[in-house]
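Heads up, the thing below is written out as structure tokens.
The values are calculated or read from the model by the stated rules, or taken from the named source; none is laboratory data. Everything quoted here is computed from the prediction, not taken from an experiment. Note: ideal-geometry Cβ built from the backbone for every residue, glycine included; neighbour counts use all protein chains shown. Heads up: the accessible areas ignore ligands, DNA and RNA and are worked out on the full protein's heavy atoms, side chains in. Shrake-Rupley method; radii C 1.70, N 1.55, O 1.52, S 1.80 Å.
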Amino acid sequence: MRPDRNDLLSRYGFPLDRFQVEAFDALDAGHHVVVAAPTGSGKTVVAEYGIETMRRAGKRSFYTAPIKALSNQKYRDLADFYGDERVGLLTGDNSINGDAEIVVMTTEVLRNMIYAGSRGLDHLGVVVLDEVHFLQDAYRGPVWEEVIIHLPQHIGLICLSATVSNTAELAEWITTVRGPTDAIIETRRPVELENMYLVADRTNDRLHLLPTLIDGHPNNDAVRLDGSAVRFRRGQRGSRERDDRGLRGSGLRHLATPGRVETVEVLAERGLLPAIYFIFSRNQCDEAAQVCVESGVRFTTDDERARIRTIMDARLDGILDDDLAVLGYPRFRAQLESGVAPHHAGMVPPFKEVVEACFSEGLIRVVFATETLAVGINMPARSVVIEKLTKFTGDHHEQLSPGQYTQLTGRAGRRGIDDRGTAVVCWSPFVRFDQVAELASSRSFHLRSAFRPTYNMAANLVTTYDADEARQLLSLSFAQYQADRGVVKLQSRLHRLHDRLEGHLADAESPFGDIHDYAHLKAAQSGKRGRNDPIEIALMRLRPGSVIYANKGKYRGPVAVVATANRKGGLRLTVVTAGADRLYLAAEDFVVAPKPIGQVRLPAKYAPNRHDYRRAVGRLIKAAKLEPRGPRERSRDGGTSYAPHPVENDPDLKERLRALGQARRIQNEIADVESRVEGHHHSLAAEFDGVLEILRSYDMIDLDEWRLTESGERLTRTFHESDLLIALALDRGTLDGLDAPTLAGLVSTFVYEHRSQDEPPRPWFPSGEIAARWRKIEAISVDLAALERSVGLSEHRAPEPTFFAVAHGWVAGEGFAEVVEHDLTGGDFVRTMKQLIDVLGQIAQIAGDGGTRRTARQ
């Protein structure tokens with residue numbers, strides 16, 4: 001029985017939009033749906049319609065989310081509506097009413113249930129995959145594809161996504177692997193967005209708040225203002241010391257990123273609060289909130305401050321006073337009572353929950369947040385400020401993508417409250433206004449699969465499917481689907497490039513002589529190679545098809561020149577040996593100037609990256625009549641005179657040289673495209689073979705029998721980024737015979753990741769014996785990394801011992817205030833401990849030693 005759509009109208013208080021009605025119709029027709037719509041537009045309504053449909057049909061529903069915070073929030077929402085007895089939660093941290101008819105869970109939990117053949121999938125009617133665009137996440141993305149591929153075919157899918165430009169492609173892929181799937185697309189925001197540009201003009205002591213776009217085009221006033229700035233390179237000093245009067249006279253100005261307090265004041269004056277102020281640094285979020293307090297910013301009344309204190313007392317009641325002190329509670333409280341707050345992953349969950357609750361009630365006017373707040377949490381604001389369009393990734397700065405910009409600005413504008421939302425981007429010396437305008441006007445957010453075979457995935461494929469089926473399932477991935485579609489486009493492009501190449505080569509041929517030989521000589525005479533060296537000149541005389549004698553590395557024998565390329569240090573030859581290998585030769589690879597000893601006619605399709613091409617060239621070399629090597633008549637010190645070249649008599653020489661230049665550019669492009677085609681065809685299969693080879697080398701799999709060993713079976717139940725490393729440590733007994741604190745400390749080396757730019761502190765171990773255990777784990781990792789390099793796989797993340805002392809102390813009974821160092825935030829402690837608890841829970845199930853299982857449970 002389908003739910004009455006009028007019930008939804010009364011529940012939400014606003015009429016259904018076109019895309020919601022289209023999604024309902026698709027679900028009623030028994031189709032899967034991919035719903036792509038802006039933040040706050042009501043995608044969740046579609047999910048709840050599907051859940052209600054299944055509930056009335058007596059079937060279960062699963063609602064998955066990419067992060068635990070979203071899972072917790074959605075659990076509360078559904079429990080409020082359906083009642084606690086009908087809704088469950090499974091996140092690894094929490095297990096509440098897991099047999100309920102509606103269960104909220106992280107995507108990883110569902111993937112694990114599928115591989116385990118859980119009875120929890122019985123009577124399951126629909127799965128909601130929220131934030132499905134996370135499938136492009138480098139580490140966690142493959143989980144979404146595993147679920148879509150392996151979920152029993154009779155179960156419906158409701159995929160919810162941010163607006164992406166290739167939603168139809170995603171829906172077409174799901175159609176190929178699961179059946180009819182409709183792409184439901186909504187590009188219109190529920191609340192109109194106005195993009196603004198905020199500039200501090202220090203020369204004139206003014207703040208300029210300008211529209212970024214006017215009629216869809218960059219604002220000319222902002223273009224002129226940004227163009228008047230005196231820009232300095234990173235690290236260049238002296239900009240503030242320049243004479244402002246001189247700048248006024250020159251028409252140049254000192255523009256600057258507006259201060260955080262003055263930005264907040266501008267927003268307050270313009271009626272643009274509440275606001276979320278994005279700063280891509282945890283420490284700076286904390287500093288910004290404190291600077292506002294110290295500058296006297298206060299947005300709250302006495303009644304509001306009393307309500308804030310009530311919320312804080314209720315949410316933080318279970319935390320000890322000593323622990324609150326370590327977490328900076330007095331400072332945090334003062335910030336909240338002023339109406340400002342930070343929000344980032346370094347805060348403990350109860351602190352973040354206080355901020356979210358106060359903001360939702362309108363008690364906080366400004367939240368300084370990192371980008372983690374943009375992922376799904378329901379905290380809309382009237383305006384959003386993005387201080388910088390660049391963020392540090394850990395080793396370099398990169399500009400926000402259109403998708404990231406859309407995700408951040410999606411919080412601007414509260415449906416049913418605001419007529420419009422405002423996104424404010426601050427001026428930066430490192431990002432020009434035209435880049436800001438391009439980002440604000442872009443609608444391009446192309447979803448790319450990050451699917452790759454992991455060790456755990458490979459082990460589960462081996463235990464569940466035969467070899468052919470396993471490879472077939474890999475070929476069903478969205479990554480392979482995109483690659484195959486991409487290959488079709490690349491092959492079409494190759495065909496056009498070859499046609500163009502043949503035309504340009506024909507136009508370049510001269511009846512007066514060898515145009516290739518002449519071009520090389522002209523390059524030498526012009527001095528482009530840096531010197532008129534006899535060997536360099538001899539190289540320039542060679543043309544594709546010339547056979548010379550080479551002596552490089554272990555190879556000594558004839559080679560055929562297939563391409564030449566001008567490089568900074570001189571000419572580089574691409575050659576193919578008689579054994580079908582490819583080599584690169586330059587002047588330094590020769591003692592005397594090389595002389596052609598023969599000529600072959602190269603295959604028509606230029607493809608030196610392909611083995612079949614190189615094999616054909618090798619056969620031509622072996623079949624050619626080659627002259628013996630000549631005497632060493634020219635040394636590196638000898639000279640060479642230039643005789644007039646017959647091609648100089650060609651009246652069309654200029655046009656022929658232009659055609660030859662075009663041909664060489666196209667040859668380089670062909671090589672690049674063919675390399676990409678080859679990579680598309682073989683990357684996933686090669687990765688899978690590499691993973692299987694590593695598992696075979698560790699005796700976890702018998703490839704001849706296509707079965708797992710006992711060690712491999714353990715890997716199927718190890719779900720973590722360091723899955724194989726953990727399985728190997730268990731297999732070798734490295735974690736056996738330990739007490740609970742020490743086991744926790746050693747297991748923490750698999751889960752902790754030092755993210756600070758500063759060097760990690762020296763690790764602490766309780767004894768030399770335990771330090772030796774750590775070195776064994778480190779040695780296993782080094783060995784695994786070497787194997788991964790040898791088969792062409794990306795190296796795993798190495799274990800990190802920094803958290804050992806914290807985990808050991810906590811499990812040994814020390815308090816939070818005692819174990820947390822000054823450089824470890826409360827949020828990092830909680831997140832790492834939750835991951836550690838999850839892995840210890842797995843070890844309690846899979847360890848071969850009974851004592852280790854008991855200690856892990858303890």
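Quick one: angle between helix 826-846 and the longest Cα principal axis of the chain, in degrees between 0 and 90, rounded to 10, please.
The answer is roughly 80 degrees.
Can you give me the distance in nm between label points at ARG307 and THR390, each placed 7 Å from the Cα along the Cα-to-Cβ direction?
4.2 nm
Give me the percent of the accessible area of the chain that comes from carbon and sulfur atoms, probe 1.4 Å, all protein chains in place.
It is 47 percent, rounded to a whole number.
Sort 452-463, 657-668 for me by packing, meaning the mean count of neighbouring Cβ atoms within 10 Å per residue, highest on top.
Highest mean packing first, the order is 452-463, 657-668.
Structure shown: which of LYS68/LYS776; LYS43/LYS352; LYS68/LYS352; LYS554/LYS622; LYS43/LYS68; LYS352/LYS834 lie over 23 Å apart, alpha-carbon to alpha-carbon?
Correct reply: LYS68/LYS776; LYS43/LYS352.
Count the DSSP beta bridges whose two residues both fall in the chain, then state the antiparallel fraction as a percent rounded to the nearest 5.
DSSP beta bridges in the chain are roughly 45 percent antiparallel.
How many angstrom separate the Cα center of the range 265-339 from the Cα center of the range 718-773?
Computed from Cα coordinates, the inter-centre distance equals 37 Å.
ALA580 to ALA357: extension gain in nm, 0.36 nm per residue of separation minus the Cα-Cα distance?
Net length gain for the segment: 73.5 nm.
Helix 478-508: angle to the longest alpha-carbon principal axis of the chain, degrees 0 to 90, nearest 10?
30 degrees
Taking just the C-alpha trace of the range 641-797, give me its Rg and Dmax in Å.
When restricted to the Cα atoms of the range 641-797, Rg and Dmax are 27.3, 90 Å.
If I take R0 = 22 Å and measure r between the Cβ atoms of ARG76 and ASP838 in this structure, what FRET efficiency does the formula 1/(1 + (r/R0)^6) give, to the nearest 0.05?
That pair, ARG76 with ASP838, gives E of 0.50.
Give me the angle, in degrees from 0 to 90, between the Cα long axis of helix 302-315 and the longest principal axis of the Cα atoms of the chain, rounded to the nearest 10.
So the inclination is approximately 80 degrees.
Would you work out the charge dipole size for the chain about its Cα centre, treating the Cβ of every Lys and Arg as +1 and the Cβ of every Asp and Glu as -1, and quote it to the nearest 20 debye?
Around 3620 debye, computed over the chain.
For ARG443 and GLU648 in one chain, what is 0.36 nm times their gap in residues minus the Cα-Cα distance, to one decimal in nm?
68.5 nm
Which residues in the range 137-151 place their backbone N less than 14 Å from a point set 7 Å from the Cα of SER118 along the Cα-to-Cβ direction?
147, 151
Take the Cβ-Cβ distance between ALA565 and VAL791 as r, set R0 to 35 Å, and report the resulting FRET efficiency rounded to the nearest 0.05.
The formula returns an efficiency of 0.70 here.
Quick check: from the Cα gyration tensor, does the range 37-169 come out rounded (a/c under 1.5), prolate or oblate?
Rounded is the answer for the range 37-169, as its axis ratio a/c remains below 1.5.
Hey, which aspartates and glutamates would be in cross-link range of LYS74, C-alpha to C-alpha under 16 Å, not counting anything within fewer than 8 residues on its own chain?
Candidates past the 8-residue exclusion: GLU48, GLU52, ASP84, GLU85, ASP93, GLU101, ASP130, GLU131, GLU353, GLU356.
Please compute the modelled spin-label separation between ALA685 and ASP221, points set 7 Å along Cα→Cβ, answer in nm with one decimal.
The two pseudo-label positions are separated by 6.1 nm.
Per residue, how much accessible area does the chain have with a 1.4 Å probe, in Å²?
46 Å²
How about LYS391: which aspartates and glutamates have a C-alpha closer than 14 Å to its C-alpha, ignoring those fewer than 8 places off in the same chain?
GLU371
Suppose R0 equals 45 Å; then what is the FRET efficiency for ARG420 and ASN283 from their Cβ-Cβ distance, rounded to the nearest 0.05?
0.85
Can you give the extra length, in nm with one decimal, that the chain gains between ASP484 and LYS59 once fully stretched, where that is 0.36 nm per residue apart less the Cα-Cα distance?
149.3 nm
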